[in-house]
1. Longer than 20 Å from Cα to Cα, which of Lys80/Lys267; Lys80/Lys166; Lys110/Lys173 are they? Say none if no pair is.
2. When ranked by the protection proxy of mean other Cβ atoms within 10 Å per residue, highest first, what sequence do the peptides 125-135, 193-203, 152-162 form?
3. Would you mind counting up the charge near Leu119? Only other residues with Cβ under 13 Å from its Cβ, with Lys and Arg at +1 and Asp and Glu at -1.
4. Counting only C-alpha contacts under 8 Å and six or more residues apart, can you give the relative contact order of region 70-183 as a whole percent?
5. If we count every other residue with Cβ under 10 angstrom of Lys267's Cβ, Lys/Arg +1 and Asp/Glu -1, where does the sum land?
Amino acid sequence: MDRMTGNNSRVGGKYREGVLIVFAFFGIIFMGLILIDIFIEENKMNSDRMSPPEMFERGMIDKRGFENNNGIISVQGNGKASSEPNTVLISLEIIVEGEDLDDASSESSKIYRSLTSSLKRIGIEEENIETNYYNVNPMYAYPENESPRIDGYRVVHAINVKSTVKNYDELGKESGKIVDTAIRAGVISVGNIQFVLDEESEEKLQEEALRDAIQNAKRKGEYMANELDIKLGEVKSVSEGAYTTNPDMMSLRFAAEADFAPSFSPKDYEVTASVSVIFMTK
């Protein structure tokens with residue numbers, strides 16, 4: 001009996017020792033986690049007071065390959081260029097209304113022939129006179145207590161006219177001369193007047209705007225690298241953005257019997273360009 005009591009005591013003692021070891025083990029882990037959390041918080045507070053280069057040196061943020069030429073700086077460059085326009089685009093509308101469709105169509109054709117011959121006399125080439133659209137729509141009357149009925153027809157013939165001049169000073173006068181000629185020929189509406197560049201001149205202006213955008217991207221990249229105390233390397237990739245323009249536009253509407261020659265003073269034609277550039281770093 002005494003031997004059994006002694007054995008039980010030894011077993012109980014070993015059990016208590018095992019429990020104490022387990023508690024000690026988890027206590028050490030718990031304290032370790034607390035210390036790690038404190039260390040992280042201290043580093044975070046210190047990093048808020050450090051510049052990016054100091055953080056790189058102390059290894060507190062990912063260097064992302066800056067030491068082995070794998071780092072990058074990505075920028076977008078914007079540029080613009082402007083020039084005096086040398087081309088005018090004018091949209092005209094011949095509008096004829098009449099009770100008889102044949103009569104209205106015939107009158108529209110008569111005005112169109114007069115318009116084209118008059119434009120040619122002032123130097124507009126035939127290839128620069130083109131039809132944009134031709135619409136014929138019925139006009140309805142709505143008598144009281146009766147069903148709607150066709151009361152006539154409306155014929156609309158839209159024409160685009162283009163003219164390019166050698167000197168900017170001539171552009172305003174040329175535009176006014178075209179409008180005056182159209183009105184005298186019977187045109188009712190001058191939809192839009194745009195002052196632009198011919199294709200070759202616009203292409204050169206786009207190149208100038210693109211060159212400005214590239215220089216802008218380079219300046220941004222150099223500035224960012226300087227602020228981060230790193231060196232700018234070679235270009236990894238570059239992509240061209242869309243071009244935008246701001247042609248000077250206006251619209252006019254005249255009575256057919258108007259008798260005057262308007263004059264215009266076009267604004268500069270501007271093109272903007274953008275590029276996205278990725279630089280390697282050293």
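Read-outs throughout are calculated quantities, based only on the coordinates presented, and are distinct from any laboratory measurement. The shown structure was predicted, so the numbers you read here are calculated from the model rather than taken from an experiment. Here the Cβ positions follow ideal geometry from the backbone for every residue, glycine too, while neighbour counts run over all protein chains shown.
1. On the way: Lys80/Lys267 15 Å; Lys80/Lys166 23 Å; Lys110/Lys173 27 Å.
In this structure, Lys80/Lys166; Lys110/Lys173 lie more than 20 Å apart at Cα.
2. On the way: 125-135: 11.7, 193-203: 16.9, 152-162: 18.8.
Taking the mean over residues of other Cβ atoms within 10 Å, the ranking is 152-162, 193-203, 125-135.
3. Values: positive: Arg113, Lys120, Arg121, Lys162, Lys177, Arg184; negative: Glu125, Glu126, Glu127, Glu130, Glu174, Asp180.
It works out to a net charge of 0.
4. Numbers: 152 pairs, mean separation 42.0, N = 114.
Contact order relative to length: 37 percent.
5. Details: positive: none; negative: Glu84, Asp248, Asp268, Glu270.
That works out to -4.
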